[in-house]
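To start, the structure under review is shown below, and the notes come after it.
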Amino acid sequence: MAEPRTAAFVRHDQLPPSPPPAAETGVIKWLRENLFSSVLNSVLTLAALYCIYALLSGFLPWFFNGVWDAESVRDCNEQMGENRGGCFAAIEATWRQMVFGIYPNDIYWRPVTAFVLLWVAFAPVLFQAVPRKLLYFTLLYPFLAYWLVWGGTVLIPVLALLGLVVGYVVYSRLVDQSFAMGFLGGVLAAAIFWWLSGFITSNAGDVLALREVATRNIGGFMLNMILGVVCVSLSLPLGIVLALGRQSSMPIIKWICVIFIEFVRGVPLITLLFVANVVLAYFLPPGTNFDLILRVIIMITMFAGAYIAEVIRGGLAALPRGQYEAADSLGLDYAQSMRLIILPQALKISIPGIVNVAVGLFKDTTLVSVISMFDLVGIIRGPILASTEWNGVYWEVFGFAACLFFIICYGISQYSQWLERQLATDRR
Amino acid sequence: MAMTENAPETPADMKVSDEVAIEIQGMNKWYGAFHVLRDIDLTVYRGERIVICGPSGSGKSTLIRCINALEEHQKGSINVDGTVLSSDIKNIDRVRSEVGMVFQHFNLFPHLTILENCTLAPIWVRKTPKREAEETAMHFLEKVKIPEQADKYPGQLSGGQQQRVAIARSLCMKPRIMLFDEPTSALDPEMISEVLDTMIELAEEGMTMLCVTHEMGFARKVANRVIFMDAGQIVEQNEPEEFFNNPQSDRTKLFLSQILGH
Ligand SMILES: Nc1ncnc2c1ncn2[C@@H]1O[C@H](COP(=O)(O)OP(=O)(O)OP(=O)(O)O)[C@@H](O)[C@H]1O
Ligand SMILES: [Mg+2]
């Protein structure tokens, strides 16, 4: 029988669960699991902490005691007194030089516009989602950028572009008969067109002319960007052609490609740059004004092209033979099977290697300072550090240079990882 | 297996014209010093369905790969549909676009969707407008019973499905001759029949087929000639019933006993 029960206390709500003991919660638990899970880990953690401390205890006071507003190094030192710190006023005073070299101040808007439009031109190449129509702008961009940066009459880039168009039209007329004939015809037609247009530009040098800027005035980070963008864009197609040539069944083409690749890879870039600077002049007919930047671009492009060719060759070799056979068995010709089947897959495999070369190439553009071009490094080592005002402010200005390079290189690396994820279709 | 009701009783009843589709005469091939194919003579009539069998390394793959010039022969002549295979690239491309090939390992293009796999060659080789090529592709994908996979990538399909896509991809070029190189031997057993069904259907529509396979059930059902190869030679050829029940040469008997023995 159930007796009527009277309870002294009846709980109506459930108690909330009590928090787990401190040792099992968030921070402490995380620390224990991740940093102090064993003796060795604890030692490594402490060592790492000490390193971080040592770095920060040097960097932070230097950074926060820094002087941002001064006339010269001496001024900096006076303002700092006992506390040692960075003389960031040097960056403040020289960043225009570091970015633009000795480009005339009043027309900075021209390279800046070219830089902004660069991203518009890149967008359709880098991102599938961007409307394809923008590719026409990408084709026009090199000519537009040349005009903006170097100035002069608009006729030069326009006629250069028209020459390409003429060459292409002749090529597409003749290519049905044979590729070699189309190619030679196209090159010839373009060359004749350019030769003729030389007369036009020399007589009408002021049609829609922007103020001309000489090549020696183009420097700073701008020069690194120009060299980097142009050389990467050119060395990729060159690398593809060399890689395919190396695989070719035609012995002459194959050996030309092999010798080119092996020769260029076997020579230090700096040697090639000296060749560009000094030796090339001997081979050119006297009186030709073959711009130094152009010579340097050719050399860096060849150098990077050879490396990219080897990267792509690895990608081509990684494709199963069945892909070539399937493309052949469907009746695709060589150009079609390469463009539609083989290269898309080989390039996808090669992305990490290509990006590696591209980032390396971009940083190697600073080597032109050795042949006395005033790129970012050249302008720091020369005019800036040699000036009486800023003599000796190595850390600050080189730190600034490092930041500029880091931003671009990190951006390239992040983009390539994103691209690899986008292209991952063959995962099971 | 899916045989339609009015399917012919015996393979020989299926219509074979006396028009020649492929004519191979005195064909020889070497890999370096190794003599892979010896004096091959073979005439295939339009609508014929030929099964090629033989021990491993006997040159079966090499033979059918010579027919669409994936391998080059060194001696003798091969005439496919009136085109003589020589080193002329134009001839080779023409033959290849008329001859479909299905591989052991499917060889689909992994970076393209199923639909793109099927429309690529019609668009670029036949210059078919994209819309029309897609309609044709969907028609053949329905025929191999996987229209719903059209937007997937090959890596997302099972082996049997991939092989059926590979067949559809070849059919989209409207080939007059189909070559199969062990189309079922990379497949799990439960997927073999779905691929064979597709091939049987194709045979019933009168496609000229050369098929390297060890599926003897398939050979009995659709072939009107079985060819036995050994050491680079055609040792024996006959109608399937005769071939299986009454083999002539000792090598054929040995091979059949090995393959049917268990
Ligand atoms: N590229 C090649 N180079 C040299 N020898 C080859 C090459 N391809 C095949 N062979 C040889 O040619 C012979 C015939 O090969 P093939 O692939 O035609 O045989 P198969 O009858 O298809 O055999 P399987 O049933 O194993 O597929 C084999 O001995 C093989 O080792
Ligand atoms: Mg084989």
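A short reminder: the numbers here are calculations on the coordinates, not readings from a lab. In this text, all values refer to a predicted model and were calculated from it rather than measured experimentally. Neighbour counts are summed over all protein chains in view; Cβ atoms, including those assigned to glycine, are modelled from backbone coordinates with ideal geometry.
To the nearest 20 Debye, how big is the dipole of the stretch B:51-118 about its Cα centre, given +1 on the beta carbon of each Lys and Arg and -1 on that of each Asp and Glu?
Value, rounded to 20: 180 debye.
How are the alpha carbon pair distances in the stretch B:71-197 distributed across 5 Å bins from zero to the largest one, expressed in percent?
Values per bin, smallest distances first: 2, 11, 19, 21, 19, 12, 9, 5, 1, 0.
Work out the length of the dipole vector of the protein assembly as shown about its Cα centre, built from +1 on the beta-carbon of each Lys and Arg and -1 on the beta-carbon of each Asp and Glu, and round it to the nearest 20 debye.
1280 debye
log10 I(q)/I(0), Debye, Cα-only the stretch A:285-375, no solvent, q = 0.13 Å⁻¹?
So the normalised log intensities are -0.61.
Show the residues, 5+ positions off or on another chain, whose built amide H is closer than 5 Å to the amide H of residue B:229.
For residue B:229, the qualifying residues are B:53, B:54, B:235.
Please list the three semi-axes, largest first and in whole Å, of the ellipsoid equivalent to chain B, using sqrt of 5 times the eigenvalues of its alpha carbon gyration tensor.
29, 23, 17
Normalise the Cα radius of gyration of the stretch A:112-155 by 2.2 N^0.38 Å (N = residues in it) and let me know the number.
For the stretch A:112-155, the normalised Cα radius of gyration is 1.21.
From other protein chains only, count the Cβ atoms within 10 Å of every residue's Cβ in A:341-351, then give the mean.
Per residue, the number of nearby Cβ atoms from other chains is 1 on average.
Quick one: which residues, 5 or more positions from residue B:238 or on another chain, have an amide H under 5 Å from its amide H? H modelled 1.01 Å from N in the peptide plane, none for Pro or chain starts.
Placed amide hydrogens put B:226 under 5 Å from residue B:238.
Only Lys, Arg, Asp and Glu count, each charged at its Cβ (+1, +1, -1, -1), so figure out the dipole size of chain B about its Cα centre, rounded to 20 debye.
Here chain B has a charge dipole of around 760 debye.
If we count GluC sites (Glu not before Pro) as exposed when they sit in a DSSP loop and have at most 15 other beta carbons within 10 Å, what is the longest stretch of chain A that avoids them all?
Counting only loop sites that pass the neighbour cut-off, the longest clear stretch is A:213-428.
Could you let me know the centre-to-centre spacing of the stretch A:216-235 and the stretch B:202-218, using Cα atoms, in angstrom?
62 Å
Angle check, please: helix B:130-143 long axis (alpha carbons) against the longest principal axis of chain B (alpha carbons), in degrees 0 to 90, nearest 10.
Relative to chain B, helix B:130-143 is tipped by roughly 60 degrees.
Counting only Cα atoms, I'd like the Rg/Rh figure for the stretch A:203-258, Kirkwood definition for Rh.
Checking Rg against Rh, the ratio lands at 1.29.
Given H placed on each backbone N at 1.01 Å, which residues far from residue B:76 in sequence or on other chains put an amide H within less than 5 Å of it?
Residues meeting the criterion, in which the H sits 1.01 Å from N, are B:28.
Please report the equivalent ellipsoid semi-axes of the protein assembly as shown, computed as sqrt(5 x eigenvalue) of the Cα gyration tensor, largest first, in whole Å.
63, 43, 23
Measure up B:90/B:174; B:60/B:90; B:221/B:253 against 22 Å on the Cα-Cα distance and list the ones that go over.
Distance filter (> 22 Å) returns B:60/B:90.
Looking at the square roots a ≥ b ≥ c of the eigenvalues of the Cα gyration tensor of the stretch A:21-180, which shape do they give, rounded for a/c under 1.5, prolate if a/b is larger than b/c, or oblate?
It comes out oblate by the Cα gyration axes.
Based on the alpha-carbon gyration tensor of the stretch A:127-198 and its eigenvalue square roots a ≥ b ≥ c, which shape applies: rounded if a/c is under 1.5, prolate if not and a/b is larger than b/c, or oblate?
oblate
May I ask which residue of A:159, A:423, A:138 lies farthest towards the positive end of the charge dipole of chain A, with charges of +1 (Lys, Arg) and -1 (Asp, Glu) on Cβ and the Cα centre as origin?
A:423
Looking at A:188, A:298, A:150, which one has the Cα that reaches farthest to the positive end of the dipole of the protein assembly as shown (charges on Cβ: Lys, Arg +1; Asp, Glu -1)?
Farthest towards the positive end: A:150.
For the stretch A:218-384, compute Rh as the Kirkwood radius over C-alpha pairs and then the Stokes-Einstein diffusion coefficient at 20 °C and 1.002 mPa s; write the answer in µm²/s, rounded to an integer.
It comes out at roughly 124 µm²/s.
Positive end of the charge dipole of the protein assembly as shown (Lys, Arg +1 and Asp, Glu -1 on Cβ, about the Cα centre): tell me which of B:139, A:307, B:180 has its Cα farthest that way.
A:307
Inside 10 Å of the C-beta atoms of B:110-119, what's the mean count of C-beta atoms belonging to other chains?
Across B:110-119, the average partner-chain Cβ count within 10 Å equals 3.
Going by average Cβ density within 10 Å per residue, which order do the peptides B:249-255, A:372-378, A:300-306, A:340-346 take, highest to lowest?
The packing order, highest mean first, is A:300-306, A:372-378, A:340-346, B:249-255.
For the stretch A:346-408, what is Rg from Cα atoms divided by 2.2 N^0.38 Å, rounded to two decimals?
Normalised Cα radius of gyration, the stretch A:346-408: 1.44.
Let me know the volume per residue of the alpha-carbon convex hull for the stretch B:197-236, in Å³.
Given the Cα convex hull of the stretch B:197-236, per-residue volume reads 75 Å³.
Which order do peptides A:154-160, B:89-95, B:172-178 fall in by mean Cβ count within 10 Å, highest first?
Order by mean packing, descending: B:172-178, A:154-160, B:89-95.
What per residue convex hull volume, in Å³, do the alpha-carbon atoms of the stretch A:66-141 yield?
Given the Cα convex hull of the stretch A:66-141, per-residue volume reads 125 Å³.
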